[in-house]
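The numbers here are math on the coordinates, done by the rules we state, and not lab data. All values derive from a computational prediction rather than experimental measurement. Don't worry about glycine lacking a Cβ; one is built from the backbone with ideal geometry, like all the others, and counts go over all protein chains shown.
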Amino acid sequence: MTDQTQRPWGAYTVLTEGGDFKVKTIEVSPGQRLSYQRHARRSEHWFVVQGAGVVTLDGELTEVQRGDAVDVPTGTAHRIHNTGDVPLVFVEVQHGDYFGEDDIVRLDDDYGRSEPAAESQPV
């Protein structure tokens with residue numbers, strides 16, 4: 001049995017994982033978006049199975065809908081925004097050598113979880 005993890009923007013469920021991969025379903029509530037983030041140790045592949053939205057990859061916006069796929073290379077700043085009125089659901093396949101939460105660098109976040117910029121941190 002898989003457990004769903006709630007987040008301010010919706011929820012995710014880990015379907016399976018191995019040494020160098022993890023597979024999740026991610027559900028983004030209408031009007032919500034994930035943090036604008038990047039990872040140093042993993043890439044991601046997203047396949048949209050329900051809903052519609054806008055993906056941001058390194059500042060470039062692309063509309064997505066059911067059936068679309070998005071590749072997020074390691075180090076690429078990314079986010080997805082549900083612009084519709086039904087949940088946006090996608091399958092995320094992560095590939096890399098580490099999947100911990102501390103490999104998330106949040107550049108912008110609607111829920112107050114952004115990391116401070118290195119140059120603004122006290123010495």
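With respect to Val23, is the statement that it is surrounded by 15 or more Cβ atoms within 10 Å (Cβ to Cβ) and out of contact with any Phe, Trp or Tyr (no Cβ under 7 Å at 6 or more places or on another chain) true? Answer is yes for this residue. The set of residues from the range 54-72 being touching a His at 6+ places or on another chain (Cβ under 9 Å), of a type outside the set (A, V, I, L, M, F, W, C) and surrounded by fewer than 17 Cβ atoms within 10 Å (Cβ to Cβ) comprises Asp58, Asp71. Sub-9 Å Cβ pairs linking a first residue in the range 93-106 that is under 14 Å from Gln37 (Cβ atoms) to a second residue that is polar (S, T, N, Q), at least 6 apart or interchain, are Gln94/Ser43; Ile104/Ser35; Ile104/Gln37; Val105/Gln37; Arg106/Ser35; Arg106/Gln37; Arg106/Ser114, ordered by first then second residue.
Inspect the range 58-76 for any residue being more than 19 Å from Gly10 (Cβ to Cβ) and under 11 Å from the mean Cα position of the chain (by Cα) and give the result as yes or no. The answer is no, given that none of the residues of the range 58-76 is more than 19 Å from Gly10 (Cβ to Cβ) and under 11 Å from the mean Cα position of the chain (by Cα). The residues of the range 28-48 that are touching a Ser or Thr at 6+ places or on another chain (Cβ under 8 Å) and within 18 Å of Val91 (Cβ to Cβ), listed by number, are His39, Arg42, Ser43.
Remark: Gly75 matches the filter, which requires a residue to be loosely packed, with under 15 Cβ neighbours inside 10 Å, within 21 Å of Tyr98 (Cβ to Cβ), in contact (Cβ under 8 Å) with a residue 12 or more places away in the chain and not polar (S, T, N, Q). None of Arg106, Arg66 is farther than 26 Å from Asp20 by Cβ and basic (Lys, Arg) except Arg66.
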